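Structure first, then comments.
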Amino acid sequence: MTVAPLAIIGAGIAGLACARVLVDHGRAVQLFDKARGPGGRLANRRVDETVFDLGAQHFTARHPAFRQALSAWRDAGLVAPWPTRPWRVTADGWQPAPDAERFTAVPRMSALARHLAEGLEVHTGQRIIAIRSTPEGWWLAAETNAHHGPFAGVVLALPTPQAAVLLGPIAPELAAACTQRPMTPCWAACVRFSTRLPTLEAPAPDWQTAAFPTGPLHRVIRNHTKPGRHAQSESLTLLADVAWSIDHLEDDPDTVAAALLAAFAAQYPAPLPAAELLTAHRWRYAQPVTADSDGPGYRSGGNGLALCGDAWRDGRIEDAWLSGHALGHHLATRLADKENLHA
Ligand SMILES: Cc1cc2nc3c(=O)[nH]c(=O)nc-3n(C[C@H](O)[C@H](O)[C@H](O)COP(=O)(O)OP(=O)(O)OC[C@H]3O[C@@H](n4cnc5c(N)ncnc54)[C@H](O)[C@@H]3O)c2cc1C
């Protein structure tokens, strides 16, 4: 008897981690993502030779399972420690601020997702708008009018508000669980300057990233200080804080980009060079409001539907990977148990 494949909606790090485990256990898996490539919030924007990380900038690796994966990625030259020179901007000015060890993907964050997606069946440009149950299995309807199926099960590896929309008509309890895990937005502006920023007077003048404990900025990242990008122009990602992002959620991107650049200029101790490129990206669902590191890190309904993603643990890359990884193992075990029962 041929076993129907499993579908995973969302090829961010959670969906990819889940798929990898299932495939390693011999399961057929198909991933669907609305974007042009895998990665989700590990996205970057490229303008000419300049690459901006738009979402996640770096990540921690605390959990033993994630550290093990990290070790293989480091050996493959896919990730490297960064930042080594983080700063913090308070009322006392700009100060070096040593922090927990973090890593970034080389040469851009999306490279890690592309690596995880290698060998997987990923259907991009497929925004799923409905999930349907039939006697043969689950079917997915895409905005393109394509219908995909039948599948033995469907994993929704999506931000919870997007999962809730799809689950509402078919699994109200799972949809309700999603609405209990709201997510906050984040505006991200990208600015490229004609020359390097003036160097700051301090023990570690060549800053790579700066945290702003009070808004409207949350963090500023110098993309060209990341490994593999030293040749590119001075290029900053300016991340707004949650409160400011909520207040300005429906503003137009040009207005937001100008406001965030002005906020940075007001905080920088020297005049800024001319900005030759300025854009902004709205993340409607950037990070979950609540953390839940004690639960299983995923939701699995008895009907073949399951959920993973950062919102089921906490709002970090590490959490998203752990969530997908744990769900992959759970599903692989459950499927094997089922087959043994019917053998
Ligand atoms: C601005 C910003 C800064 C961040 N900074 C950090 C950081 O410094 N460190 C850190 O560890 N984490 C950070 N994060 C969080 C981190 O990016 C996330 O925790 C992680 O990437 C989430 O992965 P995921 O797979 O759960 O979800 P996602 O990456 O959101 O993946 C979900 C995927 O689903 C797709 N999708 C959505 N709806 C549909 C649909 N209907 N049909 C088909 N596909 C769909 C999307 O295109 C996306 O690819 C940041 C996030 C943002 C936005």
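FYI, it's all coordinate maths here, none of it is from the lab. In this text, all values refer to a predicted model and were calculated from it rather than measured experimentally. FYI the Cβ positions are ideal-geometry reconstructions off the backbone, even for glycines, and counts take in every protein chain you see.
Summary of computed values
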read-out: Around ASP99: net Lys/Arg minus Asp/Glu count, Cβ-Cβ under 12 Å; value: +3
read-out: Net lengthening on full extension, THR255/THR134 (0.36 nm per residue, minus Cα-Cα); value: 38.8 nm
read-out: The stretch 137-195 shape via C-alpha gyration tensor axes, a/c threshold 1.5; value: oblate
read-out: Normalised contact order of the chain, rounded percent, pairs of Cα under 8 Å and 6 or more residues apart; value: 22
read-out: Mean separation of Cα contacts under 8 Å (6+ apart) over length of the stretch 130-203, as relative contact order %; value: 19
read-out: Global form of the stretch 74-131, assessed from the alpha-carbon gyration tensor, a/c cut-off 1.5; value: oblate
read-out: Euclidean distance between Cα centres, the stretch 140-158 to the stretch 285-343, Å; value: 18
read-out: Theoretical FRET efficiency, 1/(1+(r/R0)^6), r = Cβ-Cβ of THR84 and GLU49, R0 30 Å, to 0.05; value: 0.80
read-out: Spin-label pair GLU143/ARG36, simplified geometry with 7 Å Cα→Cβ offset, distance in nm; value: 1.5
read-out: ASP75-GLU118 FRET efficiency (beta carbon distance; Förster radius 22 Å; 0.05 resolution); value: 0.90
read-out: Hull volume in cubic angstrom per residue (convex hull over the Cα atoms of the stretch 187-277); value: 101
read-out: Nearest-20 debye value, the chain charge dipole, Cβ charges on Lys, Arg, Asp, Glu; value: 460
read-out: Restricting the stretch 114-199 to GluC sites (Glu not before Pro) in coil, as DSSP defines it, with at most 15 other Cβ within 10 Å; value: GLU118, GLU136, GLU143
read-out: Overall form of the stretch 7-139 per C-alpha gyration tensor (a/c, 1.5; a/b vs b/c); value: prolate
read-out: In nm, spacing of pseudo-spin labels at ARG67 and ASP206 (7 Å Cα→C-beta vector); value: 2.9
read-out: Listed residues ALA240, PRO271, ILE129: farthest to the positive end of the dipole of the chain (Cβ charges); value: ILE129
read-out: Alpha-carbon centroid distance for the pair the stretch 8-35 / the stretch 172-232, whole angstrom; value: 28
read-out: Cα principal axis extents for the chain, largest first, Å; value: 71, 42, 38
